[in-house]
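What follows is a set of notes on a single structure, which appears directly below.
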Amino acid sequence: MSEADILEKALKLRPEARFAVVEGLLRSLDVPDPALDRIWAEEAMRRLNAYRAGKLKSIPMEEVFAKE
């Protein structure tokens with residue numbers, strides 16, 4: 001069965017069933033990657049240490065979101 005066949009059959013499902021299919025597909029793509037999580041945790045710690053050491057300037061949240 002091709003992707004086009006699957007899509008055609010999925011589009012014939014009632015909305016709730018289509019939602020369940022989409023939800024299942026999205027969940028299958030959102031698999032945690034421990035290596036990536038470790039890299040981000042290390043980067044966050046580097047940034048926190050730089051901030052605490054005065055090597056990194058902070059910007060107030062209001063100022064960040066006020067920019068367009």
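In terms of the mean number of neighbouring beta-carbon atoms within 10 Å, the peptides 7-19, 25-37 order highest first as 7-19, 25-37.
Rg/Rh for the chain (Cα atoms only, Rh after Kirkwood) is 1.31. Taking the C-alpha atoms only, the angle from helix 34-52 to the longest principal axis of the chain is near 30 degrees. Straight-distance candidates among the lysines for linking to residue 12, with alpha-carbon spacing under 19 Å and chain neighbours fewer than 8 residues away dropped, are absent. Between the listed residues 35, 13, 64, the Cα displaced farthest toward the positive end of the dipole of the chain, a dipole computed from Cβ unit charges relative to the Cα centre, is found at 64. Rounded to the nearest 20 debye, the dipole size of the chain about its Cα centre is 300 debye, using +1 on the Cβ of Lys and Arg and -1 on the Cβ of Asp and Glu.
Any read-out appearing in this document is the output of simple, stated calculations on the displayed coordinates, not a laboratory observation. Worth saying up front: this structure is predicted, and the values here are computed from it rather than measured. So basically every Cβ, Gly included, is an ideal-geometry build from the backbone, and we count neighbours across all protein chains shown.
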